[in-house]
Each structure stands twice: as structure tokens, then as C-alpha cells.
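Written out below as C-alpha cells is the structure these notes cover.
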Amino acid sequence: MEQKKFEVGGKRATFVLVICCILYCINWMDRQVFSVVAAPMMKDLGLTKAQVGWIQNFFILSIGFFALPVSYLVDRWSRRKSISIMAILWSIATFATGLGRSFTSVLIPRIGVGVGEAGFGPGGTALIGASYKPEERGHKLSYFNMSIAVGVILGLVLAGFVAQNWGWAAAFFFFAIPGVIFGIIALFMQDYPTRPKAESGNFWKNFFTLWKIPTLRWLYVGFGMHMMVIVTVAHWNVTLLVYRFNLSVAWAPTIMAVILLATLFAYPLGGRLCDRWEKRSPGGRMRFAALCTFGGAVFAVLYFYFAFILYTGKLNEWGFLMILGFLFYILHTVVIAGVGGAVGATTQMVVPVHLKSLSFGVAMAAMYGLGGGWGSGIAGSIADAMGTGKPGDWYGLTIGVMIVCTVAILGLFCWLRSAHHYKNDIQKVQH
């Protein structure tokens, strides 16, 4: 397909942003469905909380593991073609997940979904970042990251509705369709020229080049700590609502979706705030992200403590402690919304053009391999150790999730160190 000259800004940049946002939304819809149907799937297939947690962990780890080679290939080949193929692949694997009838037959296609999704974040981040001016990247990438919340909301509501009416497997079949459609549409996006292979270097040389950049080294480690908290809270939250308040598989995710819908404004707001901080002080984006990730973890712990442990009533009694807990959850979703745009923009600012996809690819590998890929299983294992091992035991699972949230302290430290090195590292790229 013949490509016109790559344009920064304008209608073609907007088309890139819109299509990438829609696909990122679909990406997270496909991720969310597993968390929504976890309770009925455990009952139907006889799985333990630890098994379901480790299925999620292996799914996340597959994203982290394949993010490196896939993002490297994206840099050397084509962003738009790669995005198209990945969307179709993860959609086929989503469909196959619904066919699973055992731990292994659910695990393998979920890993396939992870392989398909592995390079989308890096490819989309690089293509959007290149389509806009540097001073706009935090703001534009905040919309890209807002698509995560939109996807989670739609995934919660639609997966709950489909699972309630047609069974948990039908939810996977339903969510497989839109990825194929928009994967084909992605072929019509613009794409910047790929640097000749002879000039772009080999994989390991580029990989170690990125790790030698202090800003990125601390960013990558901090991302792992951040995602351990975010993935664990997101994965077990619906299940905990089902167990603790005896909600249906449709109502529990709907409650979470309403809360997330009310906090969508935080994504563009966070993007603008981090860009303004960056304009006033180099490294401001990472300082902003550091405060957001730490605050998000604190609010998550307070949410579970007040709404699940201290509160002893039912959901429809609307007790003060439960309301206070849900207010903390709202604050959790608001503050973590500021992380994505800030971190994504930073990964693009301190590297040359031929390393942009790989830069975020290493970030994905780190955020899942160094943290995000382990939290759900750790929390589930703590739950099984504290309780009887039955799916309905919620207290141990709540404690497990709260314990995982404490790693945000390390995330705060790492991202403040990243901000400290940013000014020197960006000057090296500019010169």
C-alpha cells in the first residue's frame, strides 16, 4: 500500500491517534474479560484462586517477554502493518480462550493473547509520538492511555452482561470480533520511514544502549513496581466484590465501570499537567508520575481496608465506611490516570528515532516482567495460604492485594531518580 509523506500534526495524525486509541480500547477489553468472568469460570472449571492468578500472571509475562523482540521488529519493519497483524492475532487467541475447559486449555490461548498484544503499546506509542510535536506528546499520549480506562469500562459492562446471559465463554467469543475489523482498518494509517537495517544496529546492541541511559534504567524498574500494583488491583477487584458483597457477575463490574467512567477526565488532565511541569522543569513528567503511582497505591490500600475489612454491612445498606472506601477507590483511579502519558512521553524523548518502539517495548517488558506479571499470582497465593482455598474466601485475597500495593514505595524512589537524570540524557539526544 503506497504511503504519502509522513506528516506531523493535522488530519492524518488525528487518524493515527483515533485508530490506535480504538485498538488500545479493544486491547484492554480483551484483557478485562478474563477478570470479569474469573468467579464463574473458577466454579465451572474447578480452578483455584492461585491457578487463575497464575493464568493472569503468565498472560502478563508473555506480554513482557515478547514485547522486546516484537518492538525491535516494529522499529525495523512497519508500525501500521505490525499493529494490524497484532490486533488480528490477539483477537483469534481471545476467541480460543472461550473454548478452554481446563487450566492448560485456558492458559495457552491467554498466552497467545499476550503475544499478540506485546508489541502494540510500543508500536502505538512510537507512531503517535512521531505524529505530534514534542511539546504535545504527553497530552496526546494521555488520550492513548485514556483508551485503557475506556476499554476497561466497556470490558467490565459488556463482559458482565454477556457472561450473565450466555455464560462466561460467550464473553470471549464476543470480544474477538472488533479487533479483527479495526486491525484491517489500521492498514490505512500513515507511517514514518523505517531506518535501514544497516544503520539501526542489532537487537542486543540497541537493548543495552537503552539500559545505559539512566533516565530509562530507573524508569523501567519503577514501571515494574507501578504495574505490580495496578494489575493486581484491577485483576482481583471484581472478584472481591462478587465474593464480599455477593454480587452477580454483571453487577460487580458495572459498579466499577461507573466509577471509572466518572474519572475519565483525569487522563487528559494528567497529560496536560505533566506537560506543564515538564515545561517548567526538565524531568517534571517523571516527578508527576512518581507522585501519582505512590498516591494510587495508598488510595487502593485505603479502599480495600475501609470498604472490605472495616465495613461489615451489605452493599445496599450504604454504610459510611463503605462509602468512604469507594471514595478512596475513585481517588485511586484519578491519580493513576496521570502516569501513562508522562512515562510514555519520556520513553520517546531520550532516544533517537530508530529506538522509539524498542524504548517503550523495553518499558513494557520491565513493567510486566519486573512486577506486573507477578502481583496477581502472589496475591492469590497469599489468599490460599490464609484461607481454606475455596473460591469464596475474600479476606485473605484482600490482604494479599494490600500487601502487593506496598511495592509502590520502590516505584516512587525509582521514578524520582529517573527525573534526576532526565535533563542530561535529553541533552545528549539533542546534540
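Using 0.36 nm per residue and subtracting the Cα-Cα separation, the extra length available between Asn165 and Lys428 on full extension is 89.0 nm.
Show log10 I(q)/I(0) for segment 62-148 at q = 0.17, 0.21, 0.26 Å⁻¹, two decimals, from a solvent-free Debye sum over equal Cα scatterers. The calculated log intensity ratios at q = 0.17, 0.21, 0.26 Å⁻¹ are -0.74, -0.97, -1.19.
Mean residue ellipticity, 222 nm, helices only, the chain: the sum of -39500 (n - 2.57) across DSSP H runs of n ≥ 4, divided by residue count and rounded to 500, is -25500 deg cm²/dmol. Other residues whose C-beta falls under 14 angstrom from the C-beta of Cys274 contribute a net charge of +4, scoring Lys and Arg +1 and Asp and Glu -1.
Compared with the alpha-carbon gap, the fully stretched path from Lys279 to Ala262 is longer by 3.3 nm at 0.36 nm per residue. What list of whole percents do you get for P(r) of segment 149-194, with Cα-Cα distances grouped in 10 Å bins up to the one holding the largest distance? Per 10 Å bin, starting at 0, the Cα pair percentages come out as 24, 37, 23, 12, 3.
Under the criterion of Cα pairs below 8 Å and six or more residues apart, the relative contact order for the chain equals 28 percent. FRET efficiency for Glu135 and Thr406, Cβ-Cβ distance as r, R0 = 41 Å, nearest 0.05? Efficiency computed from Cβ-Cβ geometry: 0.70.
With the cut-off at under 17 Å, measuring from each backbone N in segment 308-323 to a point 7 Å along the Cα-to-Cβ line of Met386 picks out 308-312.
What range in the chain is the longest one free of GluC sites (Glu not before Pro) that are in a loop by DSSP and have at most 13 other Cβ atoms within 10 angstrom? Answer from the scan: 8-431. Close lysine pairs were tallied over segment 277-431: pairs 8 or more places apart or on different chains with Cα atoms under 24 Å apart number 6.
Each 20 Å bin from zero holds the following percent of Cα-Cα pairs in the chain: 28, 59, 13, 0. Each 5 Å bin, from zero up to the one with the longest distance, holds this percent of the alpha carbon pairs of segment 15-91: 3, 12, 18, 22, 17, 12, 8, 6, 2, 0.
Label separation (Arg12 vs Thr104): 5.0 nm, computed from points 7 Å beyond Cα along the C-beta direction. Considering only Cα atoms, the convex hull volume of segment 345-422 works out to 96 Å³ per residue. Please give the Cα centre distance for segment 311-342 versus segment 369-419, rounded to the nearest Å. Between the Cα centre of segment 311-342 and that of segment 369-419, the gap is 18 Å. Per the Debye calculation on segment 100-148 with a single equal scatterer at every Cα and no solvent contribution, log₁₀ I(q)/I(0) for q = 0.25, 0.33 Å⁻¹ amounts to -0.87, -1.13. Measuring r between the beta carbons of Asp393 and Asn202 and using R0 = 35 Å, the FRET efficiency lands at 0.10.
Semi-axes of the equivalent ellipsoid of segment 282-431 are 37, 18, 11 Å, computed as sqrt(5λ) over the eigenvalues of the C-alpha gyration tensor in descending order.
Read-outs throughout are calculated quantities, based only on the coordinates presented, and are distinct from any laboratory measurement. Note that the structure is predicted; figures quoted are calculated from it, not measured. All Cβ positions, even for glycine, are placed from backbone atoms using ideal geometry, and neighbour counts span all protein chains on display.
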